[in-house]
Each structure stands twice: as C-alpha cells, then as structure tokens.
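Data block below; observations after.
The values are calculated or read from the model by the stated rules, or taken from the named source; none is laboratory data. Since we're looking at a predicted model, the values are computed, not measured. Quick reminder, even Gly has a Cβ in these numbers, built from the backbone with ideal geometry, and neighbours come from all protein chains shown. Each accessible area value is taken on the protein alone, full model and side chains, heavy atoms only, with ligands, DNA and RNA left out. Shrake-Rupley method; radii C 1.70, N 1.55, O 1.52, S 1.80 Å.
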Amino acid sequence: MNFFKSMTALALAGVMSLSLLAGCQQQGGTSSSTSAPDGVPEVVDVNAIDDICVYLTGLKSDETVATVDGTKIAAGELMYWIAVNCDNLLNYYYYYGVTELPWDSTDESGENTLADFVLEDAVNYAALQRLLAKKGKSAGLTVSQENEDAIQSAMDAMEANFTANGVTMEQYLWQQGLTSELYRWNCECDYLYEALAQDNFGPDSPNPPTEESILAVREANGEYKVKHILLANIDTSTREALDEQTVAEKKATAEKLLVDLRKSDDPMALFDKYMNTLSEDPGLATNPEGYVFTANTSVDPAFEEAALALENGQISDVVEGVSGYHIIMRLPLEVDVEQEKDEYITAKMAELANSWIEQAEIKTTKAFDKLDAQVVYEKLTAYRNAVTEMMTPAQEETAE
C-alpha cells in the first residue's frame, strides 16, 4: 500500500471547510501512536490554553512558516491542515486495519517520512488558499455579502450550540486546529474556489461543460465502457473452482460463440442475444447496458488489458480471466451533460488548482523547521479528549 499520495487540491479543494459550515465537524482518532512524544501531556487543562497555535506548534499564530510567490503563510493557517491531513491519513490507514500512524515510515525513496509528507501537504493546502485569494482578486471575484452573512449565521449557530454543551466556540473549533478567524478564512476560500471554478469552467465560461469537453475529461481519467459474455470457471456464488471437465466445456462454448460472432452479419445484435441468454455474469441484471471502468483499477488485469486494446464496437478474442472466459465488446462512453456538468467543473478546477501549486514558488522558513507533525497531532488528540470530557456532563444533563 502506498500511503504517500498527495492530497493537495484533489481531496479537499472546494470543500475545505464547507463540511464544517454544514455542521459536519470531523474528529480524528483518539490515539495515533503507542507512546506520546516528549512534550505531550497526558492530561490537558483546556481552560489554561490561551493560544491553540502556541500549544500545538510552539509558534505564534502570525509567525511566518512559509511563503508562496512571496505571500506569507502563517503558522495559524498551517496547523489546521496538519490536523486535516493526519485525520484523513488515520482514516485511510484504519480502512486497512492500521489503527496508529506510523510516523517513521518512509516513501519508496526511503528519505521522506510520513511526518514529512504531512507537513509538505499542509504547506501546499495553505499555499493553495493564498493562491485562491490572489487569483480571485485578479479575476475581479469577491465573496458576496450573502455568503459572508451565511458564514456569520453558521458561526452564531455554532456558538449557541457549543455554549449549551459546556465549551466556548473557540475551544470547540480548536479541536479542528481552527480559530474563529481561520474558520471564516477557510469558508471565504471555499466560496472563492467555487467562484473561480464557475468563472473558468462553468456554463458561461470559456471552457464550458459540453459533451466533447466532458468526454475528454473522462477519457483522460482512463474511463472505458464494455459489455461482456462470461462463461464462468468458478461457482459465482462461492468463488470455488469448477471441475476440469466443466471448465473445458465452458472454454469450448466460449470459442464457439466467438466463431459465430465473427461470422455474423450483425455481430452486435448477436452479442446482445448471447449475453442476455448465456452469460453467467452475476452483475448482468443490474448492468444490462454494460460497465464503465477506470484504467488501472481492475482486479482482473487480463480483462482490462483486452478491453483497452479494443476500439469502440470491436469484439475481443476469448479472454481467460480470474472468473472464467470472457468475450468483450468495447462501447463508446455516453455523456449526459446535465448530469455530469458538476463533476466536469470539479475535475477541471482541481486540475487547474494543482497546476497553480506546481507552478508556484513555495519556500519554508526556519520557523517551519521547528514543526513536528507527530507532536502537533498528539497534542491535538490530547486536547480533543479533554474537550470531550468537558462536554460529556453537559450532554448528559441535556439528555435528561
């Protein structure tokens, strides 16, 4: 498993804080290492913390940790993205049964650790936000008063809710590595991101979503569509292998069907007839028009290789895959502009945002070199646990 995959601009761009705005605050794990590094207290006095940035990073919130094209990035901006990256990585690892972040693990080069990766991606995220503000200004785009009012309304609602649960809004936001100011900034960046997406790729933009433009994005993403006739060499319910004689008969039948298809004056119609009457594909009933796959994601490499070698309308030879013998027909991708326009805009804007990061000059400072992602996240985890303890009595009283 390769856990060192950049999340910058792709995973969260455009939804950097709207999940918070909707009240869906993300909480990280309760623990991310078997033993806390030096400087991480076992018990946190929440009320004794005056500055979450100093507590988490050892740096003042306005201290410059990096620049992007000469624009400063402050430590207060970076701490949130450290928290987001760690939360996402912990969730990712957990999916594979790994419950603790292996901070000293390295990438394929053996030089960059997981902790290095977290900090690098955090800088890229923070840089992207600064670039959004710059690009938005250049395009004459601003956050509307309506959106500012929506942000303030959300903050007012949060404050009332958190106060009722025994903590201040700041104490609760600190669990995300956020302050009120940073929360507002993140929300404003989200609105700018959406405005830039529409300005560059919306219906009235120079690059609108059309059948051709959407198809180009999907093909660039490696999407392809196929139908297939499957004569299984396994029991499709239990995945157990069939006996040799049955398998041989299945192969012979597949080869006979292929001969018929090659001789047919209307191979497409005959293909559909054989598929609907003879195919043993368990998914046929729910996918009668075929499947859309993405290249390099198939669990059956032989199937994928054969499918990708076809032109639209072509029929493959008999292909032996992990489930049996396939005859594959390549189909053209179909586009529904109305249904797919939002996905197109999202994909193109993410591509543009990535290009901004790649082309930008990002420099870190000596203050950045003092940061330790593991310490930051362990302190944040300890803080989260303490806030949860504070909130529990109030939540119980409310329930009564």
Could you tell me which of A150, Y291, A307 has its Cα farthest along the dipole of the chain towards the positive end, charges placed at Cβ (Lys, Arg +1; Asp, Glu -1), taken about the Cα centre? A307
Between region 164-200 and region 67-127, what is the separation of their alpha carbon centroids in Å? 19
Region 72-127, accessible area per residue, ligands and nucleic acids excluded (1.4 Å, Å²): 41
Rounded to whole Å and sorted largest first, list the principal axis extents of the Cα atoms in region 114-235. 63, 48, 33
The distance between the Cα centres of region 203-223 and region 274-315, in whole Å, is 24
Listed residues V376, V322, V217; largest mean-square fluctuation, Gaussian network over the chain with Cα springs below 10 Å, found at V322
Karplus-derived 3J(HN,Hα), 6.51/-1.76/1.60, for each residue of region 70-78, Hz, glycine and proline x: x, 8, 6, 10, 8, 4, x, 6, 6
Amide H to amide H, which residues 5 or more places from N233 or on other chains are under 5 Å from it, using H placed in the peptide plane? G324, Y325
E223 long-range amide H proximity, modeled H, under 5 Å: A295
With charges only on Cβ, +1 for K and R and -1 for D and E, what is the dipole size of the chain about its Cα centre, in debye, rounded to 20? 600
Going by amide H atoms built from the backbone, whose H comes under 5 Å of the H on G321, apart from near neighbours? H326
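Let me check against my output: what whole-number percent is the relative contact order of region 60-175, with C-alpha pairs under 8 Å and at least 6 apart?
Across region 60-175, relative contact order equals 19 percent.
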What FRET efficiency do you get for K60 and D369 if R0 is 22 Å and r is their Cβ-Cβ distance, rounded to the nearest 0.05? 0.90
Counting only backbone N atoms under 17 Å from a point 7 Å out along Cα-to-Cβ of T286, the residues of region 235-270 in range are 236-239
Zero-based 5 Å bins, Cα pair distances in region 341-390, whole percents: 4, 15, 10, 10, 11, 12, 16, 15, 6, 0
Of P102, P209, P301, the most mobile residue in a GNM of the chain (C-alpha springs, cutoff 10 Å) is P301
³J(HN,Hα) across region 352-368 via Karplus (A = 6.51, B = -1.76, C = 1.60, θ = phi - 60°), whole Hz, x for Gly/Pro? 5, 4, 4, 5, 4, 5, 5, 8, 6, 9, 10, 10, 9, 10, 5, 5, 4
Apply the Karplus parameterisation 6.51 cos²θ - 1.76 cosθ + 1.60, with θ equal to phi minus 60°, to every residue of region 161-176 and state each ³J(HN,Hα) to the nearest whole Hz, in sequence, with x for glycine and proline. 5, 5, 4, 5, 9, x, 9, 7, 4, 4, 4, 6, 5, 4, 4, 9
Residue-normalised accessible area of region 224-293, given per residue in Å² at a 1.4 Å probe: 60
Leaving ligands, DNA and RNA out of it, report the carbon-plus-sulfur percent of the accessible area of region 192-344 at a 1.4 Å probe. 48
Kindly provide the helix-only [θ] at 222 nm of the chain, computed as the sum of -39,500 (n - 2.57) over DSSP H runs of four or more divided by all residues, to the nearest 500 deg cm²/dmol? -17000 deg cm²/dmol
To two decimal places, what compactness ratio does region 226-286 give when its Cα radius of gyration is scaled by 2.2 N^0.38 Å? 1.19
Quick check: with the 1.4 Å probe, what order do R330, R184 take by accessible area, largest first? R184, R330
Report relative contact order for the chain in percent, whole number only (criteria: Cα-Cα under 8 Å, sequence separation at least 6). 28
Only one of the listed values, [x] 26.8, 83; [y] 19.9, 67; [z] 23.8, 80, was derived from the coordinates as Rg and Dmax of the Cα atoms in Å; which label is it? [x]
Choose one of Y344, A248, T388: the residue whose Cα lies farthest towards the positive end of the charge dipole of the chain (beta-carbon charges +1 Lys, Arg; -1 Asp, Glu; about the Cα centre). Y344
Flagged as over-length at 32 Å C-alpha distance, from K72/K348; K135/K379; K72/K379; K273/K341; K256/K341, the pairs are K135/K379; K273/K341; K256/K341
